[in-house]
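Structure, as structure tokens:
The values are calculated or read from the model by the stated rules, or taken from the named source; none is laboratory data. Predicted model only: the values in this text are computed from it and were never measured. Quick reminder, even Gly has a Cβ in these numbers, built from the backbone with ideal geometry, and neighbours come from all protein chains shown.
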Amino acid sequence: MVQTEAEAAAAATAAAPAAAAVTFSMELNDEQRQMQKWVHDFAKDVIRPAAHEWDEREETPWPIIEEAAKVGIYSWEFVQNSFADPTGLMMPLVNEEIFWGDAGIGLSIFGSSLAVAGLIANGTMEQVVEWVPQCFGTPEKIQLGAFGVSEADAGSDVSSLKSRAVYNEAKDEWTLNGTKSWITNGGIADVHVLVVSVEPELGSRGHAAFVIPPGTKGISQGQKYLKHGIRASHTAEVVLDDCTVPGSCLLGGKEKLDARIARAREGKSSKSQAAMATFEATRPAVGAQAVGVARAAYEFALDYAKERVQFGRAIIENQAIAFKLADMKTSIDASRLLVWRAAWMAKTGQPFVAGEGSMSKLFAGETAVRVTDEAIQILGGMGYIRDNPVERWHRDAKIYTIFEGTSEIQRLVIARAISGIHIK
């Protein structure tokens with residue numbers, strides 16, 4: 001696929017090293033405010049009115065993705081502009097607003113960005129330029145991307161991957177076999193970015209990431225999962241059955257992989273691993289999604305508490321309700337601050353010396369669960385029925401303590417960072 005100069009420049013910008021340090025500020029600039037309002041309006045006018053329908057249908061909301069593509073939200077250019085913000089805050093801003101609209105539809109729109117993160121974290125500039133635009137396609141021909149690591153027996157323990165890639169040096173080809181589990185856009189994506197084992201005896205240090213081009217034989221969708229929440233987002237197994245790709249589909253290239261494998265065999269440290277490099281880049285954005293879900297539930301509960309009258313007065317006049325809302329708001333704001341700090345640190349090249357990326361995802365994810373639970377409690381019986389969206393937000397929130405690293409894994413990362421000890 002021939003790329004335009006603009007696409008090449010955009011991809012190169014995203015793949016470039018972090019910019020020089022930018023002073024952290026909570027004061028948004030005009031561009032950030034305009035983007036925030038634009039995305040919020042799309043979430044309010046297009047996503048929210050459709051959220052209940054697509055949650056009930058439990059299908060990919062193609063009409064909403066098409067609308068997002070028409071206005072430019074579902075596009076490589078949108079993702080590139082968000083990534084390019086020197087403060088690092090644009091991506092969490094847009095994630096919060098979209099997921100304030102609906103988490104399931106939000107993942108359908110932003111699911112391709114996971115593949116982009118995998119490509120940028122592991123690929124060469126040439127690979128980024130070639131494959132990232134194909135994760136989105138055009139408004140006339142929408143395409144999807146998918147990123148996959150997890151397997152049935154390798155969730156938190158990514159060192160236990162059983163999927164395997166074997167190299168044929170004579171043909172310069174890799175043949176992949178195995179099954180990936182719980183993959184967003186899995187099987188329906190045009191471009192799959194998958195992490196598999198090339199040297200099983202090295203555990204996670206023997207992993208490599210591959211891009212599977214559209215139309216490749218030997219890749220198919222397995223089981224589609226029926227989920228508790230985020231039901232408008234397609235989640236399925238990806239089955240690899242003698243799936244053969246050219247050597248150019250190994251992200252980062254063979255020379256880089258060989259050098260990394262050699263260091264691992266010698267017991268030397270490695271700067272990054274294929275799966276972890278992607279998760280480190282996406283955790284603040286995932287935390288921002290959780291903030292959006294929590295904020296939606298808080299705002300709905302606040303409005304309800306002001307209007308709902310019991311015993312002759314609005315229920316917010318009771319401390320039991322007012323204090324719940326005060327705690328909800330405090331936790332949401334604290335979550336956003338952790339997310340913004342982590343996003344700024346990542347963008348400006350500040351090291352996560354205390355697991356700040358994991359802190360943001362951990363706290364925001366658990367806040368979303370608590371806040372949506374309290375929102376249901378404030379609404380009482382009305383919060384438990386599907387006529388009100390807090391029931392859906394409560395179901396959606398739980399995934400943020402599970403995917404892209406469970407809360408327990410986030411605590412492990414933080415504990416190792418602050419102690420310097422390899423805690424197990």
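Would you point out the residue of region 53-94, among those that are assigned to a helix (DSSP H, G or I) and aromatic (F, W, Y), that is surrounded by the fewest Cβ atoms within 10 Å (Cβ to Cβ)?
Within region 53-94, the match that is surrounded by the fewest Cβ atoms within 10 Å (Cβ to Cβ) is W62.
Do we have D333 as outside the structural domain of A50 (by TED's automatic domain parsing), within 30 Å of P86 (Cα to Cα) and free of Cβ contacts under 8 Å to residues at least 24 places away in the same chain here?
For D333, the condition - outside the structural domain of A50 (by TED's automatic domain parsing), within 30 Å of P86 (Cα to Cα) and free of Cβ contacts under 8 Å to residues at least 24 places away in the same chain - is met.
Return the residues of region 348-381 that are touching a Phe, Trp or Tyr at 6+ places or on another chain (Cβ under 7 Å) and not aliphatic (A, V, I, L, M); say none if nothing qualifies.
Selection gives G365, T372.
How about region 252-276: which of its residues are within 16 Å of V158 (Cβ to Cβ) and either modelled with pLDDT of 95 or more or surrounded by fewer than 20 Cβ atoms within 10 Å (Cβ to Cβ) (or both)?
Within region 252-276, A264, S270, S272, M276 qualify.
Evaluate the following for T23: is it β-branched (V, I, T), more than 25 Å from V339 (Cα to Cα) and surrounded by fewer than 21 Cβ atoms within 10 Å (Cβ to Cβ)?
no
Against the conditions (1) among the charged types (D, E, K, R); (2) assigned to a helix (DSSP H, G or I); (3) in contact with a helix residue (DSSP H, G or I) (Cβ under 9 Å, 6 or more places away or on another chain); (4) over 20 Å from R295 (Cβ atoms), where does K361 fall short? Just the number, please.
Of (1) among the charged types (D, E, K, R); (2) assigned to a helix (DSSP H, G or I); (3) in contact with a helix residue (DSSP H, G or I) (Cβ under 9 Å, 6 or more places away or on another chain); (4) over 20 Å from R295 (Cβ atoms), only one is false for K361: (4).
Scan region 410-424 and report the pairs whose first residue is more than 22 Å from E366 (Cα to Cα) and not assigned by TED's automatic domain parsing to the domain that holds D157 and whose second residue is in a helix (DSSP H, G or I) and of a type in the set (S, T, N, Q), with Cβ atoms within less than 8 Å and a gap of 6+ or a chain change.
Once the first residue is more than 22 Å from E366 (Cα to Cα) and not assigned by TED's automatic domain parsing to the domain that holds D157 and sits in region 410-424, no partner that is in a helix (DSSP H, G or I) and of a type in the set (S, T, N, Q) comes close enough.
Out of everything in region 105-142 that is buried (at least 17 other Cβ atoms within 10 Å of the Cβ) and polar (S, T, N, Q), what residue ends up being nearest to A264 (Cα to Cα)?
Among them, the one singled out is N122.
Can you spot a residue in region 290-303 that is among the basic types (K, R), at pLDDT 95 or above, out of contact with any Leu (no Cβ under 8 Å at 6 or more places or on another chain) and closer than 30 Å to T87 by Cα?
Yes, because at least one residue in region 290-303 is among the basic types (K, R), at pLDDT 95 or above, out of contact with any Leu (no Cβ under 8 Å at 6 or more places or on another chain) and closer than 30 Å to T87 by Cα.
Scan region 38-62 and report the pairs whose first residue is more than 11 Å from I105 (Cα to Cα) and whose second residue is β-branched (V, I, T) and surrounded by fewer than 15 Cβ atoms within 10 Å (Cβ to Cβ), with Cβ atoms within less than 6 Å and a gap of 6+ or a chain change.
none
Please return the ranges of strands (runs of 3 or more DSSP E) entirely within region 143-220 where 1 or more residues are at pLDDT 95 or above and among the hydroxyl-bearing types (S, T, Y).
Qualifying strands (runs of 3 or more DSSP E): 164-168, 173-184, 191-197.
So P214 clears everything in (1) surrounded by fewer than 17 Cβ atoms within 10 Å (Cβ to Cβ); (2) more than 23 Å from the chain's Cα centre (by Cα) except one condition, right? Which one?
With (1) surrounded by fewer than 17 Cβ atoms within 10 Å (Cβ to Cβ); (2) more than 23 Å from the chain's Cα centre (by Cα) applied to P214, the lone miss is (2).
Report, by residue number, each residue of region 346-383 that is under 14 Å from L89 (Cα atoms) and under 18 Å from the mean Cα position of the chain (by Cα).
Within region 346-383, A346, K347, G357, S360 qualify.
If I filter region 304-347 down to residues being basic (K, R) and modelled with pLDDT of 95 or more, which single residue comes out as surrounded by the fewest Cβ atoms within 10 Å (Cβ to Cβ)?
Ranking the candidates gives R313 first.
Can you confirm whether L161 is buried (at least 22 other Cβ atoms within 10 Å of the Cβ), more than 19 Å from S108 (Cβ to Cβ) and either under 21 Å from the mean Cα position of the chain (by Cα) or in contact (Cβ under 8 Å) with a residue 40 or more places away in the chain (or both)?
Yes, satisfied.
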